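What follows is calculated from the coordinates using simple rules that are stated; it is not laboratory data. For clarity, every value in this text was computed on a predicted model and none was experimentally measured. We place every Cβ from the backbone using ideal geometry, glycine too, and count neighbours over all the protein chains shown.
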Amino acid sequence: MSNDHVSRFHSQGYAVIPGLFDADEVAGLADAFDRIYARGIELGRSWRDRNVFFRIADDSALGPIVRYAQWVAWIDETLERTRRDPRILKVLEPIIGRDLKQIINQLHWKPPGAAMADFGFHQDSRSRQPRTAYRDLASSYVQTGIAVDPHTAENGAMVICPGSHRLGELPFDPERHSMDVALDISDLRKFGADPDNIVTLELAPGDFALWHVHTLHGSGPNRAAIDRRLYINGYVAAANCDRGEWAFRKGAPCPLQGDPALVHYEGLHSNPGPMYVD
């Protein structure tokens, strides 16, 4: 693996490492996704136990679906091992260093035919809250995704606006969420991005994508006959973040152990669960 991805990440706001994970590893991830999905459906409603969170949605076309699951690496060995794979550090170290915390651990599904599957154009910086916990966000944070299935325009692959990270943080309406919002080209024009410049991030299983915290991106519905599954992990230079779980310390992988760290769930200590949530 060369470091060509570094210049592309800085110039375009995203990059792809083809085939970082092999077919057997992808099959293991697919099995892990299936285990987590089955557990979510068995729960029947959105559910939390500390940082582990299942978002269950009542889809108008399919009925109950697992929209996403967070920090399930705590309950699945395959997902836990993958989040701290040394190959991920090799990709990230030239960009944000070798002391890395993790602030996103998330499984995303787009089942075939789901009515609730879109993500409107957004920047990941919107979700880095409270902002006081994150310093030098633009140069300290990288979002990543491992493709478990083929990602194509037909099944709702991510759509990216190259170079949009250079626009900096944009003034999105804080009351307008990106999940379950259709892609709208007018959003790009409103923020000064070129709608003719967007690309579909087509990935093969095992490909590893990374993108900048300010890169405008979103995704459409799944109109294919296969799932679109993505294992998302977000990393941050530890010195510039007061939250998150250690992923790599001085280059050494750090397993999840002990008590969960404060990440996004503010009630971690006062109301940890387990519990159903609305």
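Miscellaneous remarks
- Relative to the Cα centre, the charge distribution of the chain, modelled as +1 at Lys and Arg Cβ and -1 at Asp and Glu Cβ, gives a dipole magnitude of about 680 debye.
- Cα-based shape type of region 134-246, given that a ≥ b ≥ c are square roots of the gyration tensor eigenvalues and the cut on a/c is 1.5: oblate
- Restricting region 114-146 to trypsin sites (Lys or Arg not before Pro) that sit in a DSSP loop and have at most 14 other Cβ atoms within 10 Å of their own Cβ leaves R135.
- Cross-link partners for K190 among the aspartates and glutamates, with Cα-Cα distance under 15 Å and sequence neighbours closer than 8 places in the same chain left out: E169, D173.
- Net charge of the neighbourhood of N271, taken over other residues with C-beta under 14 Å away and scored Lys/Arg +1, Asp/Glu -1, is -1.
- Each of S140, S270 was scored by other Cβ atoms within 10 Å of its Cβ. Listed from fewest to most, they are S270, S140.
- Of G267, G244, G145, the one that fluctuates the most in a GNM where the chain has Cα springs shorter than 10 Å: G267
- As a proxy for reagent exposure, ranking C241, C254 by other Cβ atoms within 10 Å from fewest up yields C254, C241.
- Residue list for region 1-23, given a label point 7 angstrom along the Cα-to-Cβ vector of E93 and an amide N cut-off under 15 Å: 1-4, 6
- Under 5 Å from the amide H of Y68 lie the amide H atoms of R55, each residue being 5 or more positions distant or on a separate chain, with H modelled from the backbone and absent for Pro and chain starts.
- Taking a ≥ b ≥ c as the square roots of the eigenvalues of the Cα gyration tensor, the chain is classed as rounded, since a/c falls below 1.5.
- Among I88, Y141, V66 - extreme Cα towards positive end, dipole of region 4-261, charges at beta-carbon: Y141
- Extreme residue, positive dipole direction of the chain, given options A237, G40, P162 (C-beta unit charges): A237
- Spin-label pair L62-A182: with each label point 7 Å from Cα along the Cα-Cβ axis, the two points sit 2.0 nm from one another.
- What the phi angles of region 244-257 give under the Karplus curve with 6.51, -1.76 and 1.60, with θ = phi - 60°, is a coupling list of x, 9, 5, 10, 9, 10, 6, x, 8, x, 10, x, 6, 7 Hz, glycine and proline written as x.
- Three-way shape call for region 28-125 based on the alpha-carbon gyration tensor, with the a/c threshold at 1.5: prolate
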